[in-house]
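What follows is a set of notes on a single structure, which appears directly below.
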Amino acid sequence: MPLIAPSILAADFSKLGEEVRKVSEAGADFIHIDVMDCIFVPNITIGPSMVRSLRSYSRLPFISHLMITHPENHVKAFAEAGSDVIEVHIEATQKHVLETIKGIQKLGKKAGLAVNPPTPIQEAFPYLGEIDLLLVMSVNPGFGGQSFMPEVLPKIRKAKDEMERLGSRVPVEIDGGINMENCALATRAGADILAAGTSIFRAPDMKAAIASLRDPGSKD
Ligand code: DX5
Ligand code: ZN
């Protein structure tokens, strides 16, 4: 059964703390927090101060998904704000990938590496023995509510095969357009964590939505 990471980008920002508490009580395993700087992606969301403000609303691990340029300059602030996992994009860190991963781990946090749809998964292979989590994007980052790109699913299998070859076992998160129709596909492809925004926060019943993403058969 996959773990579920609701993406609060789809939540009601006017009462974000309450939304984080509600979704935590509805059975989530993580809180997925999308951070955008309007440079790396064409949108602006939230910074470390919001992460800090949300920390007291849930005991669940916070995944801060940094869609920003020069993330290496900001990981300390997100660590101190209460993130448990800090995900940086391989496309944003380029020659600083290993330093950035090590920097996050030195701060006592888990380091995740995110890969955009156009980026070949092989580019992440050199780091599979170093990271704590691999994030395969199933939309081009920047907005919630986009359509899922099934063409990225083989990337998960390729990464898992490479992990097996290396003898490393890193959980794989998938993020973008995940819903009741495609969640089983993602899980069968090997995804361990499903990040989902619209399909949870826009659902009439959050608890049922999370349960269905975890086990699509359960809703019948
Ligand atoms: C997109 C973000 C995703 C997004 C997911 O750039 O990284 O986390 O908010 O939302 P849905 O599930 O609505 O696509
Ligand atoms: Zn995200």
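The values are calculated or read from the model by the stated rules, or taken from the named source; none is laboratory data. Since the structure is predicted, the reported quantities are computational estimates derived from the model, not experimental observations. All Cβ positions, glycine included, derive from the backbone under ideal geometry; neighbour counts span all protein chains shown.
Values as computed for the structure displayed
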quantity: Residue list for region 20-65, restricted to those being within 16 Å of ligand 1 (Cβ to nearest atom), out of contact with any Phe, Trp or Tyr (no Cβ under 7 Å at 6 or more places or on another chain) and assigned to a helix (DSSP H, G or I); calculated: Val23, Met50, Leu54
quantity: Candidates Ala92, Ala114, filtered to the one that is at pLDDT 95 or above, among the hydrophobic types (A, V, I, L, M, F, W, C) and outside any helix (DSSP H, G or I); calculated: Ala114
quantity: Counted residues, region 5-15 - those being within 17 Å of Ala196 (Cβ to Cβ) and not in a loop (DSSP other than H, G, I, E, B); calculated: 6
quantity: Scan of region 100-117 for residues that are buried (at least 23 other Cβ atoms within 10 Å of the Cβ) and within 16 Å of ligand 1 (Cβ to nearest atom), ordered by number; calculated: Gly112, Leu113, Ala114
quantity: Filtered residues of region 191-214 (kept if of a type outside the set (A, V, I, L, M) and crowded, with 20+ Cβ neighbours inside 10 Å); calculated: Gly197, Ser199, Phe201, Ser212
quantity: Breaking point among (1) of a type in the set (Gly, Ala, Ser); (2) within 15 Å of ligand 2 (Cβ to nearest atom); (3) touching a Ser or Thr at 6+ places or on another chain (Cβ under 7 Å), for Ala191; calculated: (3)
quantity: Odd one out for Val85, checked against (1) among the aliphatic types (A, V, I, L, M); (2) within 14 Å of ligand 2 (Cβ to nearest atom); (3) farther than 20 Å from Arg214 by Cβ; calculated: (3)
quantity: Filter pass, Ser147 being buried (at least 21 other Cβ atoms within 10 Å of the Cβ), within 10 Å of ligand 1 (Cβ to nearest atom) and hydroxyl-bearing (Ser, Thr, Tyr); calculated: no
